[in-house]
Amino acid sequence: QLQLVESGGGLVQPGGSLRLSCAASGFTLDYYNIGWFRQAPGKEREGVSCINASGGSTNYAESVKGRFTISRDNAKNTVYLQMNNLKPEDTAVYYCAVSKTRGFVCYASTWYDYWGKGTLVTVSS
């Protein structure tokens, strides 16, 4: 059975930081590409960041570039999203996802095969 479980969300003030974790169970992440997505209230799901299987290539949405960092620790079977200088518009449910396709499209959700259930991030004073 394949599972992805996000954690690390919560309430944070503007300018603060959070680190989200995505732990995999039932399979090994080593061979897979990973993405982070988010869905704000009343809005469509959007891609935030992605990292390839080797960890040597990363991408970031323009809205988070310079503030967020994606990383992976295959030994721990976990991926991370470090979020700094958070803004109210970052408020959303954040999801991690895994793609088993070699030539995946970073921000296209249809290329991802497995999804976590999400963790809520609220940025408010």
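The values are calculated or read from the model by the stated rules, or taken from the named source; none is laboratory data. Keep in mind that this is a model prediction, so the values were computed, not measured. Reconstructed Cβ throughout: ideal geometry from the backbone, glycine too, with neighbour counts over all protein chains shown. Surface areas here come from the heavy atoms of the whole protein model, side chains and all, with no ligands, DNA or RNA. Shrake-Rupley method; radii C 1.70, N 1.55, O 1.52, S 1.80 Å.
Which whole-number percent is the relative contact order of the chain (Cα, under 8 Å, 6+ apart)?
36
For the chain, what is the accessible area per residue in Å² when the probe is 1.4 Å?
52
With a 1.4 Å probe and all protein chains in place, put W115, W36 in order of accessible area, largest first.
Solvent-accessible surface, decreasing: W115, W36.
Where does each of 52-60, 19-27, 39-47 land if you order them by average Cβ count within 10 Å, highest first?
19-27, 52-60, 39-47
Near K87, which lysines are there with a Cα under 27 Å away, not counting those fewer than 8 places off in the same chain?
Cross-link targets: K43, K65, K117.
Based only on Cα atoms, what mean projected area does the convex hull of the chain have, in nm²?
If you wrap the Cα atoms of the chain in a convex hull and average its projections, you get 7.0 nm².
How large is ³J(HN,Hα), in whole Hz, for each residue of segment 66-72 in order, when computed from phi with the Karplus curve 6.51 cos²θ - 1.76 cosθ + 1.60 and θ = phi - 60°, using x for Gly and Pro?
Each residue of segment 66-72 in turn: x, 10, 10, 9, 9, 8, 9 Hz.
May I ask for the net charge around A92, where only other residues with Cβ less than 10 Å from the Cβ of A92 are counted and Lys, Arg are +1 while Asp, Glu are -1?
Net charge in that neighbourhood comes out at 0.
Once the other residues with Cβ under 13 Å from the Cβ of E46 are scored (Lys, Arg +1; Asp, Glu -1), what is the net sum?
Around E46, the surrounding residues sum to -1.
How much length, in nm to one decimal, is gained on full extension between S124 and K43, taken as 0.36 nm per residue of separation minus their Cα-Cα distance?
27.3 nm
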